[in-house]
Amino acid sequence: QNKEKWDFVLVSDIHEMGSEKEIKRRKFLDELSKKGFTIKKIEDTKLFYGVHAPLDILCKYQSLLENPGRRQQNSSIHQDIPMTTRIRVVHFILYNTVTSDLEKLQDLMKKKVFETAFPLHETEKISELLKENWALWRTIFKKEPVENIRYYFGEKVALYFIWLGWYTYLLVFAALAGLVTFVAGTTVFSSSQVSKEICDANTTIMCPLCDQKCPFWVLSDTCTYAKVTHMIDNEATVAFAMVMAIWATVFLELWKRKRAKVVTKWNLYGWDEEEEELALELINNSQHTLRQYEHSYFRSTIVLVLALLMIVVLIGIAHALVVYRVVAMALFTQSQLELLREHANTVAVMTGAVLHYITIIVMTKVNRFVALFLCDLEKPRTFYQRENNFTVKIFTFQFFTNFSSLIYIAFFLGRINGHPGHYVRIAGRWRLEECHPSGCITDLFIQMAIIMLLKQTISNIMEYLIPWISHQLRKKHKRPKKRSMMLGEEEEAEDPCKKQWLDNYELNEVNIFSLFNEFLEIVIQYSFTTIFVAAFPLAPLLAFFNNIIEIHMDAIKMMRLHRRMVPRKAKDIGIWLQVLEAIGILAVIGNGLVIAITSDFIPVQVYKYMYSPCLRENRTGMDCSTGYINNSLSVFRTQDFDLYIKVPNLLPEFDRDQIKECRYRDYRNADDYTYTAQFWHIFAARLAFLILFEHVALCVKLIAAWYIPDVPHKVKNEFLLKKHSNLHDEL
């Protein structure tokens, strides 16, 4: 049978006749009827109102926007209006219809007059196709049916999937490069000269790592840690960081080309979102007064100040995490458990990373609230403008939430903690953490690995399980029991729409942020894959596996667990492109800083070319980094310890009174503990490398951007021909 088509369904509780809510509901539905809408009511445990738009509204839309060149022709063009267009137009009118009390649907929902409004999932061929060929786990390696997605969910969702698919495809190359770097690191696992020296240093006595219960210790105890560090921190990493800077540019340039092709095929290249919104406003109300653009410097200043305040709060949270690690380290080293005492540093780093993950989850909610509040202050003119403003703010806040503690570990840890006899302390009591003698990069590696793994596993499981469980609960909860039939009573025929409407109502709610959340999640992941990738070469590989699952999880959520999204037109991914370009530049700076500051690459090179035994004796078979570890440790006289240090007599082979001096990682003189000339040499080399690396990488990025045109020549020629033929016809 031919089912009636309903564009939207409004849901309301059953209110008493004559109550305020019932009157408001009637007023709203009357306004819709005046505009020519057909309304159908079905009663269940709630009231359902199906809304069907009159043809003339949709014809107006088509003649205003879709067929400017064919206005003179007959009206047969109006027969076939895509469902996505219908839903979009009806959605706009529903949310912008004003009752006689000057209330819109949004206000009525706040006052609980209506509970919700949603478009229906279709039962037609296309939705069955999508369910069978796309929204199933077994289709994980099939190509995405982009055209079908577009006809069902609109261009915006289709572009999201094209972009995500393209990003995932290009991640293959980044993941391979990362894997090669990591494997290259594992081959030098035991052969690195620096880690050999650490493993052989069984007579090098190091200064205690904490104040109370830490003994002097031997450098060779940390042999494994040193090997792991040199697995991550070697020459291959520098090349990999450079490759990733180029990869980020190439990815964006190729995406621009892909997008130009797709949008031209859809005939949306010259589409204008502002014109679309104006047309919808006029169709909804022909007396509509135009709201013009405004800009207030006062309002912008307030927004800027509040945004900066929020960033300060986020950095404050990162400081709190640092304090946690310092205090945890002090407590773990005084613990009764020997295992905890020995691995105090690693345990503190790991628990710190888990805590960081929890703050990310909590602050995401807070950030969203603050960003929305700031958007309301700005009073943007159109929905698109509001969305762009919101995107920039929330991304900035999320960036600081995710990265401020990584920035501390990468660039400040172990550089601001003073030296034995003169440690920097929090509240005059707790000593700041130090780096391991073989460098800080492993701490960064652990932190990145934990956060990426937690984000990708837990967040993905929650993202799928929560909608699935809530859908199952709604199913159980909403269905009323069938009443038993009495003898001789005839069963009344159930309305065919009722089941479909109820099924859709039981699905999870979607809102304007549903797609936004998916974008934000992937863009933050993109930041992890590019910004500190020098410290964690496996990031692209993790991202690749995550995305393959993500694409199908999103498909299943959209088709099977969530109500249908309101289809929206779009010709690109919006302001996210600028956000990705900004991340590309941050990636060059971030990786340059990681290699120059966090890694031991520069100190080793300075030692090789300025201080190594190769310079004094010309031995060809000798590794020039021989003696590096001894050179990088300074000497401290134990009589100069400050009052806080109480060294226990835990190690039987050492007599505490016989140890006159211990070693620590720094370049300081033995007599007055000032910096040596070598410290300043290394400092200058770090700066020089940073400037060189960033300029070279940025130049390569610019060359890549120039080399790959944004718009393919085919697309350009297509437009050229169109212009030519139009002018020719006019002539």
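Here are a few things to note about the model shown:
- Qualifying positions in segment 108-122 - open to solvent by 20 Å² or more (accessible area, probe 1.4 Å) and touching a strand residue (DSSP E or B) at 6+ places or on another chain (Cβ under 6 Å): Glu115
- Filter result (among the small types (Gly, Ala, Ser) and touching a helix residue (DSSP H, G or I) at 6+ places or on another chain (Cβ under 7 Å)) within segment 44-64: Gly50, Ala53
- Flag for Leu692 being among the aliphatic types (A, V, I, L, M), assigned to a helix (DSSP H, G or I), open to solvent by 30 Å² or more (accessible area, probe 1.4 Å) and at pLDDT 90 or above: yes
- Subset of segment 632-641 [among the polar types (S, T, N, Q), surrounded by 15 or more Cβ atoms within 10 Å (Cβ to Cβ) and at pLDDT below 90]: Ser632, Thr638
- Which listed residue is in contact with a Ser or Thr (Cβ under 8 Å, 6 or more places away or on another chain) and in the same structural domain as Phe519 (by the TED database), from Asn367, Asn388: Asn367
Every residue, every condition in (1) acidic (Asp, Glu); (2) touching a residue at least 40 places away in the same chain (Cβ under 8 Å); (3) in contact with a His (Cβ under 9 Å, 6 or more places away or on another chain), yes or no:
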position: Gln334; (1), (2), (3): no, yes, no
position: Ala344; (1), (2), (3): no, yes, no
position: Ile358; (1), (2), (3): no, no, no
position: Pro380; (1), (2), (3): no, no, no
position: Phe400; (1), (2), (3): no, yes, no
position: Glu433; (1), (2), (3): yes, yes, no
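- Of the residues making up segment 244-298, those that are over 26 Å from Leu176 (Cβ atoms) and of a type in the set (A, V, I, L, M) number 10.
- Residue within segment 673-691 that is in contact with a Lys or Arg (Cβ under 7 Å, 6 or more places away or on another chain) and within 20 Å of Ile597 (Cα to Cα) present: yes
- Picking from residues in segment 419-445 that are open to solvent by 30 Å² or more (accessible area, probe 1.4 Å) and not charged (D, E, K, R), the one that is farthest from His356 (Cα to Cα) is His422.
- Applying the condition of being in a helix (DSSP H, G or I) and out of contact with any Ser or Thr (no Cβ under 7 Å at 6 or more places or on another chain) to segment 196-221 and asking which residue is farthest from Val424 (Cα to Cα) yields Lys196.
- Hey, Lys46 touching a Phe, Trp or Tyr at 6+ places or on another chain (Cβ under 8 Å), at pLDDT below 90 and under 30 Å from Glu506 (Cα atoms) or not: yes
- Looking only at segment 582-622, residues that are within 41 Å of the chain's Cα centre (by Cα) and assigned to a helix (DSSP H, G or I) come to 25 in all.
- Of everything listed in (1) under 23 Å from Asn517 (Cβ atoms); (2) modelled with pLDDT of 90 or more, the single unmet condition for Leu130 is (2).
- The residues on offer are Met350, Met329, and the sole one that is surrounded by 14 or more Cβ atoms within 10 Å (Cβ to Cβ), under 23 Å from the mean Cα position of the chain (by Cα) and assigned to a helix (DSSP H, G or I) is Met350.
- Scanning segment 385-392 for residues that are at pLDDT below 90 and not in a helix (DSSP H, G or I) turns up nothing.
- Only residues that are under 22 Å from Val604 (Cβ atoms) and of a type in the set (Ser, Thr, Tyr) were counted in segment 659-687, giving 4.
- Segment 365-379, residues that are surrounded by fewer than 17 Cβ atoms within 10 Å (Cβ to Cβ) and farther than 28 Å from His319 by Cβ: Asp376, Lys379
- Enumeration of residues in segment 30-60 that are assigned to a loop (DSSP other than H, G, I, E, B) and either open to solvent by less than 10 Å² (accessible area, probe 1.4 Å) or assigned by the TED database to the domain that holds Ile283 (or both): Ala53
- For segment 224-236, a tally of residues being open to solvent by 10 Å² or more (accessible area, probe 1.4 Å) and in a helix (DSSP H, G or I) returns 8.
- Filtering segment 123-176 to residues that are assigned to a loop (DSSP other than H, G, I, E, B), of a type in the set (Asp, Glu) and open to solvent by less than 40 Å² (accessible area, probe 1.4 Å) leaves only Glu144.
- In segment 181-222, of all residues being without any contact (Cβ under 8 Å) to a residue 40 or more places away in the chain and over 12 Å from Ile629 (Cβ atoms), the one that is surrounded by the most Cβ atoms within 10 Å (Cβ to Cβ) corresponds to Val218.
- On the stretch given as segment 400-418, residues that are assigned to a helix (DSSP H, G or I) and either under 30 Å from Tyr675 (Cα atoms) or open to solvent by less than 30 Å² (accessible area, probe 1.4 Å) (or both) total 11.
- Filtered by the rule that a residue be hydroxyl-bearing (Ser, Thr, Tyr) and in a helix (DSSP H, G or I), segment 278-305 gives Tyr297, Ser300, Thr301.
The values are calculated or read from the model by the stated rules, or taken from the named source; none is laboratory data. As the structure is a prediction and not an experimental result, all values here were calculated from the model. Cβ: placed from backbone, ideal geometry, glycine included. Neighbour counts: every protein chain shown. The protein model used for the area step is the full one, side chains on, heavy atoms only, and it has no ligands, DNA or RNA in it. Shrake-Rupley method; radii C 1.70, N 1.55, O 1.52, S 1.80 Å.
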